[in-house]
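Quick notes on the structure that follows.
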Amino acid sequence: MIDLYYWPTIPGRGEYVRLVLEAGGLAYRDVARLPVEEGGGIEPMAAIIEGRKGGFVPFAPPFIVDGGLLVSQTALCCAHVARRCGLVPTDPAGEAAALSIALTVMDLVSEVHDTHHPIAVSLRYEDQIDEARRRAADFRANRLPKFLSWSDNLIENNEHDSGWLVGRTMTYADLALFQTCRGLDHAFPNAMETAWPEAPKVKALARAIGDLASIAAYLASPRALPFNEDGIFRRYRDLDPA
Ligand SMILES: N[C@@H](CCC(=O)N[C@@H](CS)C(=O)NCC(=O)O)C(=O)O
């Protein structure tokens, strides 16, 4: 049984780990979303972050505890879970490529976050809206197309021509790209409408993952939280004008 620790009201970075757990069919507890009577809630997560449990203290969620092992940083959590369920390439080059992709995806996720909070996380969006507009304009014009075209080229150049990012089968890197596309479609529907035709391989990959029985069942379940305006992928009209 793997324990996942993440904020209970947003999909956020926790969703990247959840998708690997769900695709891999692993048993897990989403600790902060469990009732307090079942050992859940925020308190167990706070106890670890504040160092009251002893052992390694992660800087921020998401993190997982698998047996006695605590793993933090989203990409590393995903890689760890993927290893437990065969969603990771087995050759060293593929393993390195998958981790590089997952880390790059998480870099992009930080950039998405910074479109609505370019100055400070401690300030409200409304208090940094002018800067957010400028940041989002650059993200839409440059960073989003660069990311999608890089992803599309990876699939195009995969020597196995499998339709996946790395190797012959789906890995956690593909799941990370899938979730990012979902988030971008939510936050930047207008920019994505323009961007999608330039990334047909990514589109096909995202569709294939969405059609997987495990993923479709998960997304239709109450375990999957919808995107909302407290999370990372937020829909603000000012940041994605028509
Ligand atoms: N690079 C880290 C970033 C973790 C992160 O920023 N977590 C957010 C929630 S998505 C958080 O709770 N941050 C609290 C903080 O930075 O103080 C990762 O990918 O896991």
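The values are calculated or read from the model by the stated rules, or taken from the named source; none is laboratory data. Computed from a prediction, not measured in an experiment: that's the story for all the values here. Neighbour counts are summed over all protein chains in view; Cβ atoms, including those assigned to glycine, are modelled from backbone coordinates with ideal geometry. Note: areas computed on protein heavy atoms with side chains; ligands, DNA, RNA excluded. Shrake-Rupley method; radii C 1.70, N 1.55, O 1.52, S 1.80 Å.
Just to be sure before I move on: is Ala75 of a type outside the set (Ser, Thr, Tyr) and either in contact with a strand residue (DSSP E or B) (Cβ under 8 Å, 6 or more places away or on another chain) or assigned to a loop (DSSP other than H, G, I, E, B) (or both) in the structure I sent?
Numbers: of a type outside the set (Ser, Thr, Tyr): yes; either in contact with a strand residue (DSSP E or B) (Cβ under 8 Å, 6 or more places away or on another chain) or assigned to a loop (DSSP other than H, G, I, E, B) (or both): no.
No: the conditions fail for Ala75.
Which of the following residues is under 22 Å from Ala75 (Cα atoms) and surrounded by fewer than 14 Cβ atoms within 10 Å (Cβ to Cβ): Asn158, Asn153? Even if it seems obvious, please write down each step before you answer.
On the way: Asn158 fails: surrounded by fewer than 14 Cβ atoms within 10 Å (Cβ to Cβ).
Residue meeting the stated conditions: Asn153.
Among the residues of region 88-100, is any surrounded by fewer than 19 Cβ atoms within 10 Å (Cβ to Cβ), more than 24 Å from Pro222 (Cβ to Cβ) and within 16 Å of the ligand (Cβ to nearest atom)?
For region 88-100, residues surrounded by fewer than 19 Cβ atoms within 10 Å (Cβ to Cβ), more than 24 Å from Pro222 (Cβ to Cβ) and within 16 Å of the ligand (Cβ to nearest atom): present.
Let me confirm something: among Leu177, Leu148, Leu154, Leu123, which residue is farther than 17 Å from Arg237 by Cβ, among the hydrophobic types (A, V, I, L, M, F, W, C) and in contact with a Ser or Thr (Cβ under 7 Å, 6 or more places away or on another chain)? Break it down into steps so the answer makes sense when it comes.
Numbers: Leu148 fails: in contact with a Ser or Thr (Cβ under 7 Å, 6 or more places away or on another chain); Leu154 fails: in contact with a Ser or Thr (Cβ under 7 Å, 6 or more places away or on another chain); Leu123 fails: in contact with a Ser or Thr (Cβ under 7 Å, 6 or more places away or on another chain).
Being farther than 17 Å from Arg237 by Cβ, among the hydrophobic types (A, V, I, L, M, F, W, C) and in contact with a Ser or Thr (Cβ under 7 Å, 6 or more places away or on another chain) holds for just one of Leu177, Leu148, Leu154, Leu123, which is Leu177.
Would you please list the contacts, defined by Cβ atoms under 6 Å and residues six or more apart or on different chains, that run from a residue in region 140-152 that is farther than 20 Å from Ala204 by Cβ and in a helix (DSSP H, G or I) to a residue that is of a type outside the set (S, T, N, Q) and open to solvent by less than 50 Å² (accessible area, probe 1.4 Å)?
That search, which allows pairs on different chains as well, returns Arg140/Ala191; Arg143/Glu111.
Filter region 10-46 for residues that are loosely packed, with under 12 Cβ neighbours inside 10 Å and over 17 Å from Ser214 (Cα atoms); which is farthest from the ligand (Cβ to nearest atom)? Spell out how you get there, then give the answer.
The first filter runs over region 10-46 and keeps only residues loosely packed, with under 12 Cβ neighbours inside 10 Å, leaving 25, 27, 35-38.
With over 17 Å from Ser214 (Cα atoms) added as a condition, the list becomes 35-38.
Numbers: Pro35: 22, Val36: 20, Glu37: 25, Glu38: 23 Å.
That would be Glu37.
Do we have Pro89 as touching an Asp or Glu at 6+ places or on another chain (Cβ under 8 Å) and more than 22 Å from Phe233 (Cα to Cα) here? Walk me through it before giving the result.
On the way: touching an Asp or Glu at 6+ places or on another chain (Cβ under 8 Å): yes; more than 22 Å from Phe233 (Cα to Cα): yes.
Yes.
To keep it simple, each residue is scored yes or no on (1) small (Gly, Ala, Ser); (2) in a helix (DSSP H, G or I); (3) touching a residue at least 60 places away in the same chain (Cβ under 8 Å).
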site	(1), (2), (3)
Ala96	yes, yes, no
Val105	no, yes, yes
His113	no, yes, yes
Leu123	no, no, no
Arg133	no, yes, yes
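Do we have Ala195 as modelled with pLDDT of 95 or more, assigned to a helix (DSSP H, G or I) and assigned by TED's automatic domain parsing to the domain that holds Asp107 here? Quick ask: steps written out before the conclusion?
Numbers: modelled with pLDDT of 95 or more: yes; assigned to a helix (DSSP H, G or I): yes; assigned by TED's automatic domain parsing to the domain that holds Asp107: yes.
So Ala195 fits the description; yes.
Sort out which residues of region 62-79 are within 6 Å of the ligand (Cβ to nearest atom) and open to solvent by 20 Å² or more (accessible area, probe 1.4 Å), and write them in order of number.
Within region 62-79, Gln73 is the sole residue that qualifies.
Report, by residue number, each residue of region 47-61 that is within 13 Å of the ligand (Cβ to nearest atom), among the hydrophobic types (A, V, I, L, M, F, W, C) and assigned to a loop (DSSP other than H, G, I, E, B).
Here is the first cut: in region 47-61, the ones within 13 Å of the ligand (Cβ to nearest atom) are 48-50, 57-61.
Narrowing further to those that are among the hydrophobic types (A, V, I, L, M, F, W, C): 48-49, 57, 59-60.
Those that are within 13 Å of the ligand (Cβ to nearest atom), among the hydrophobic types (A, V, I, L, M, F, W, C) and assigned to a loop (DSSP other than H, G, I, E, B): Val57, Phe59, Ala60.
Determine the pairs where a residue that is in contact (Cβ under 8 Å) with a residue 60 or more places away in the chain, located within region 45-74, has a partner that is part of a loop (DSSP other than H, G, I, E, B) and open to solvent by less than 70 Å² (accessible area, probe 1.4 Å) with Cβ atoms under 7 Å apart, the partner being 6 or more residues away or on another chain.
Matching pairs, first to second residue: Thr74/Arg13; Thr74/Pro62.
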